[in-house]
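Input: a single structure, listed below in structure tokens.
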Amino acid sequence: MDDEPTAGVVGGEDEAAELCARAPVGLLAELTHRCPLQCPYCSNPVELEGVKNELSTEEWCSVMRQAGEMGILQVHLSGGEPTARKDLEDIVKAASEAGLYSNLITAAVTLKRDRLENLQKLGLDHVQISFQDVDPEGAEKIGAYPGATQKKLEVARWVTEMGLPLTINAPIHRHNIHNVPRYIDMSVELGAQRLEIAHAQYYGWAFLNRAALIPTYEETLASIDCVEAARERLKGVLTIDMVVPDYYAKRPKPCMGGWGKGFMNITPAGKVLPCHAAESIPELAFDNVRDRKLLDIWMNSDAFNAFRGTDWMKEPCRSCAFKDIDYGGCRCQAMAMTKDPRNTDPACALSPYHNEMVKLAKDEAAKPATAFVYRNPRNAAAALKSKEEPL
Ligand code: SF4
Ligand code: FES
């Protein structure tokens, strides 16, 4: 980047300190959309970014420096598959020098031990590995990658042998929900510190595959009971985080901890988003780190200010006692299901769309699963044309 944006130039010292106090905690850096797997539950946008548009090494390193200067604490290096970037080492080094806690979110199927050791030397702090299933055949079917499970187990063992903290990510859907207890056992056996039981969230590719993936209400409740019992049993051994499917909720999740409140996402091409699915809201335009300072985008960009706070809300959120707790739920889900991002998230029982959304989920889950639309460039064009009608 020729003209590197500099954080902290928006005002004087006092203002800079105040801005840093309000800085996001976390930054998700989607280094690339390239990926050796083709998971149908992927939350990446259907329109995948081509390699020629990806930020350069220096542009990503500048992002890391700016993030450190503005007080961001953690960077999650994600994708696609972040190890597909040959310059991952430079980016990790820049993150470490900027004082950021770095987490590599990887499918791990192409990672070599010497590369992982080098990344650790350069400052990598944490590794998160996704397992498509605990059954190798199920994992191959979901990820469309032969031999994935064996390779992932091998890499997970390297991570703990090297003394790096390990998180296992378990993306849950109707094809593997019965294996939640085995995910827990596997995580303990591998010495993971944390397990994410992450029920698929239906944005991006996952939205196209909802009828292929959504579990029944009863299966969902059983998985929640299983996790709650394991949390009790494994206190001090394994931390288990759980994201439940919105479609069966009565109250929405405070998505991203509130829009523009604690998190930012940078796409492979440098667009800065308040959440990974924000591009699904057509009225928003996103600034790019190639054109504008990260701090300026965070503080002043139209996209970040669009749904900050509560002024933008419509009823029933506007006069609801929970509006400062859940921020009206998820804007992208309101967009996907009602075609208006200002509507209450239909996951909320007070939304006029709620009952229809629950019925839709239960009806889809009761039918045989549809075929997967695998996440790959060939399917992207067809998938874009087959968008579902709003409720
Ligand atoms: Fe949350 Fe809005 Fe539902 Fe109230 S009406 S619980 S603020 S989503
Ligand atoms: Fe965008 Fe929830 S995913 S606000």
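Observations, loosely collected:
- Among G80, G262, G328: highest mean-square fluctuation, GNM of the chain, C-alpha pairs under 10 Å: G262
- When exposed loop sites are taken as GluC sites (Glu not before Pro) in a DSSP loop with at most 15 other Cβ atoms within 10 Å, the longest stretch of the chain clear of them is 48-282.
- Mean-square fluctuations from a GNM of the chain, with a 10 angstrom spring cutoff on Cα atoms, peak among I184, I325, I224 at I325.
- Inter-part distance where the stretch 251-328 and the stretch 168-229 are each reduced to a Cα centre, Å: 27 Å
- The charge dipole of the stretch 28-156, taken about its Cα centre with unit charges on the Cβ atoms of Lys, Arg (+1), Asp and Glu (-1) only, comes to about 240 debye.
- The stretch 193-268: C-alpha gyration tensor shape, a/c 1.5 cut-off, then a/b vs b/c: oblate
- Counting only Cβ charges, +1 for Lys and Arg and -1 for Asp and Glu, the dipole size of the stretch 271-371 around its Cα centre is about 100 debye.
- Length available on full extension from N288 to D87: 0.36 nm per residue minus the Cα-Cα distance, which gives 70.3 nm.
- Charge tally in the Cβ shell below 11 Å around N169, where Lys, Arg are +1 and Asp, Glu are -1, N169 excluded: 0
- Shape category assigned to the stretch 131-265 from the gyration tensor of Cα positions, a/c cut at 1.5: rounded
- Farthest toward positive dipole pole in the stretch 205-348 [+1 Lys/Arg, -1 Asp/Glu at C-beta], among N265, C332, I214: N265
- By DSSP, the beta bridges lying fully in the chain are antiparallel in about 10 percent of cases.
- Counting beta carbons within 10 Å around each of F207, F372, F131 and listing the fewest first gives the order F372, F207, F131.
- Rounded to the nearest 20 debye, the dipole magnitude of the chain is 960 debye, with +1 charges on Lys and Arg beta carbons, -1 on Asp and Glu beta carbons, and the Cα centre as origin.
- Local charge for W312 was computed over the other residues whose Cβ lies under 10 Å away, with Lys and Arg +1 and Asp and Glu -1, and equals +4.
- In a fully extended conformation the segment linking D311 and D135 would gain 58.6 nm over its present Cα-Cα distance, using 0.36 nm per residue.
- Simple rule: put +1 on each Lys or Arg Cβ and -1 on each Asp or Glu Cβ in the stretch 266-391, find the dipole, and look at W312, A383, H276; the Cα lying farthest toward the positive end is A383.
- Each Lys or Arg adds one and each Asp or Glu subtracts one; over the other residues with Cβ under 9 Å from the Cβ of R331, this totals 0.
- For a straight C-alpha distance cut-off of 23 angstrom, the lysines reachable from K362 (same-chain residues fewer than eight places away being disregarded) are K250, K253, K339, K387.
- Dipole of the stretch 283-391, positive end: most advanced residue of A285, C348, F372 [Cβ charges, Cα centre]: F372
- In the stretch 174-262, the trypsin sites (Lys or Arg not before Pro) that fall in loop regions by DSSP, at most 12 other Cβ within 10 Å: K235, K250
- Tensor-based shape of the stretch 258-391 (alpha-carbon gyration tensor, a/c under 1.5 rounded, otherwise prolate or oblate): oblate
We did not get these values from a lab; they are worked out from the coordinates using the rules stated. Please read all numbers here as calculations on a predicted model, not as lab measurements. Cβ sites come from the backbone with ideal geometry, for glycine too, and all protein chains shown count toward neighbours.
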